[in-house]
Structure formats: structure tokens, C-alpha cells
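As C-alpha cells, the structure follows; a few thoughts come after it.
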Amino acid sequence: MSAPTGSSRPFLNRRLAAFGTTIFAEMSALAARTGSINLGQGFPDTDGPAEIAEAAVRAIRDGRGNQYPPGPGVPELRTAIAAHQQRFYGLSYDPDTEVLVTAGATEAIAASLLALLEPGDEVIALEPFYDSYAACIAMAGATRVPLTLRAPHFRPDLDALRDAVTPRTRLLLLNTPHNPTGTVLTRAELAAIAELAVERDLLVVTDEVYEHLVFEGEHIPLASLPGMRERTVTISSAGKTLSFTGWKVGWVTAPPALVSAVRSAKQFLTYVASGPFQYAVAEALALPDTYFDTFRAELAAKRDLLSEGLAAAGFEVYRPQGTYFITTDIAPLGEKDGLAFCRALPERCGVVAIPNQVFYDDRTAGATQVRWAFCKQTEVLQEAVTRLRRL
């Protein structure tokens, strides 16, 4: 039997036509097929704290979260998120009206953009941008306007940002610490962005999932600056900080009207998710400062190990201030196309990386950039460095 066609129109919604299989799926499959070390997709190869894993097991055994949890998230986690924002940043949020639990930060981003955007709206986002940003903006029928961060420093051009704002600009989408470049926005940069947002009455969505992975500088939530709390949707998650990326527990903090808007979209996406894991993350957010400090120090050492190895292999290395990714340039190796380089790399030396050009609208800006994840065991990174010497 032949497949129904319905009409000559393609099956896939035209807004998503440009978004095929993600580069992460392609490169992870390539890693599995070739037995390569996967420094592409950003997930740790060890689990997070054993006591937090045990908290999830305990929740399952106690029957907490095995059925649908409350739509906004379990009260224990919402309270813990509010306490986290107060503890680390002095930001006060009401757990009942200003906190929303989501299926990871990815759903929080999707729900926020679907809720807050109308067709024809413009969204200014830092380029290179995480791939879900472009897809979610497209699904909302809005238009993305890139503010390109350029090598070697990857700082935002604040004059260009101001020039990019038009009467159609609805929202700024910020990511700090920034994936994939590792840039951490400074207080001065954030203050300038805040001033512009207030002046032009813009909403802001901030993706802060790497908030505890800052090696140089400090993480400053935009919502903490004057005039920003009432117009900012702050997004974070447990995956990167706790090394439990598969649990998919994220959250939104914002004023009640914004949380209500985001919840209206979120309830028709996953409805709810990650029931028992919510209770475990609630306990994790109360871990002592020593956990966060040790985790950050260990990752900083891994960053330095891989950075030095990449430099020795001939790459130009842009040392990140935060996240767990390193961006490099392959031009010193005589290479011109990051995508072709990454597709050939597993056969050449048994390592997988991600080409940054897929994160750009302006493909020429990132044509020779390649991203590497260093959230792996030290011995894995050492072996990757050894293999890369073959280049």
C-alpha cells in the first residue's frame, strides 16, 4: 500500500522545514558507530551525587511522584528553587505563583517562546545559539534576529544590539554562561542590556543552565538588575549542575503574570514530567556550598586539560569562562569546513566533536569553529588528547 499524500504539500510544517535531525543526534550516532570518544553532545559520563540518586529511589519507593505531580511542580521543589534563588542571588520568588517546574530547560524555553511570541514578532538572540532556540522561535511564527558573538573574544556588540531593536522586537533571548562559546556576560554588559530592555519595553528570556559552571568572572542573573525582575523569565535546570541530564528537571522563575503565561503553553507540551526526580532535585538544591565549589573546580581542571591538549594538537583554542564546552578554530590545521572536519574526525583519530556553524545563521562566521565537551572523566579526556595528536 502506498503512503497517503493528501496533497502535494510536504508533510512537515514549513516553519520546521529547515530543522532536520539535530547535529547532536548525528554526531552521537557517528560516535557509537565508530567506537569514538564522544566529546560532542554535552552530557557527563559519570552520575551525580549518590545521595541524590538515592533520594530519587526513595521517592519512588515511597510513592512520591509515581503518578502525575502537580502541574506547576511539586511544592517541595518549587520551594527549593525559590530558596536557591534567594541563597545565591538574593532574588525573592513566591514558590506558589512565581516558580514553574518544566521537563528540562528545553521545555522551559519552548513554553516561554510559544507563550510570549506572536507571528511577526522579532526575537534578538546571541549567535551562535543553541539549536532549540531557532526551532522554537520558528514554531512560534516569530523571526530571529542574531546578535553575532565573534572570535576571538565573543563579546556582544552593544551598539549593534541597540541598532537591531525595531518596533517589531518583542523579546531578547540571552544565554549566559553562553553555549557554545563559554562567554560569561559581565555586569557592565548586562546593565547595558537591562537599560535597553527597560527603555524599549522588551521582555527578556534568560537561559542560565550553566549558572554554577563559571570559572572566570561571576554569574549575574539579569533579573537581579534594576527594572528587570518584572520583565524577565529566568530559566535553569538540574541537569548540568547535578550531572543527571536524563532526569529532565528544569524550571522558570518570573513574576506571576509571566509564569501564568508560560504555564499556559507548558501544560499542553508535557503537561507534567519527572515526578520522583523532582523530589530528589529539591534535596539537591540544598546541598552545601562545598558541592558546588568542588564540582566547579573539577570541571575547571578538565577544561585546562583539554584546552592544553587541543592547543598541542594544533587548534586555536578559545578558553571558555564558563559552561563545559571549548570552542576551537581548525584553520591553523589547514581546514576550512568545520562540518566536513567533524564528520571525518572519527575515522581520522576516533574522537567526535560538534561543528559550530550549525549554531549560526551566518555560517561563514563559524565555518572553521568546532566545539568540544570536557564534562568527561579525566582519563577519557587524556585518551582523547592522545588520539588528537594524530592530526
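Here are some notes:
- Unmet criterion (only one of (1) under 25 Å from PHE374 (Cβ atoms); (2) open to solvent by less than 20 Å² (accessible area, probe 1.4 Å); (3) under 19 Å from the mean Cα position of the chain (by Cα); (4) among the hydrophobic types (A, V, I, L, M, F, W, C)) for ALA223: (1)
- Among the residues examined, THR364 does not qualify as outside any strand (DSSP E or B), among the hydroxyl-bearing types (Ser, Thr, Tyr) and under 30 Å from ASP62 (Cβ atoms).
- Boolean, THR368 is touching a residue at least 40 places away in the same chain (Cβ under 8 Å), open to solvent by 10 Å² or more (accessible area, probe 1.4 Å) and touching a helix residue (DSSP H, G or I) at 6+ places or on another chain (Cβ under 7 Å): no
- Criterion: more than 30 Å from ARG15 (Cα to Cα), open to solvent by 10 Å² or more (accessible area, probe 1.4 Å) and in contact with a helix residue (DSSP H, G or I) (Cβ under 8 Å, 6 or more places away or on another chain) - qualifying residue of VAL214, VAL165: VAL214
- In the condition set (1) in a helix (DSSP H, G or I); (2) in contact (Cβ under 8 Å) with a residue 60 or more places away in the chain, PRO320 is compliant with all but (1).
- Selection status of THR290, modelled with pLDDT under 95 and assigned to a helix (DSSP H, G or I): no
- Residue that is farthest from the chain's Cα centre (by Cα), among those in segment 371-391 that are open to solvent by less than 30 Å² (accessible area, probe 1.4 Å) and closer than 10 Å to LEU39 by Cα: ALA384
- Flag if LEU310 is at pLDDT below 95 and farther than 30 Å from ALA83 by Cβ: no
- Segments classed as helices (runs of 4 or more DSSP H), wholly inside segment 16-127, with at least 2 members that are open to solvent by less than 10 Å² (accessible area, probe 1.4 Å) and in contact with a Leu (Cβ under 9 Å, 6 or more places away or on another chain): 75-89, 104-116
The values are calculated or read from the model by the stated rules, or taken from the named source; none is laboratory data. Nothing here was measured: the structure is a model prediction, and the numbers come from that model. Here Cβ is always computed from backbone atoms with ideal geometry, including for glycine, and neighbour counts include all displayed protein chains. Ligands, DNA and RNA are excluded from the accessible area calculation, which covers all protein heavy atoms including side chains. Shrake-Rupley method; radii C 1.70, N 1.55, O 1.52, S 1.80 Å.
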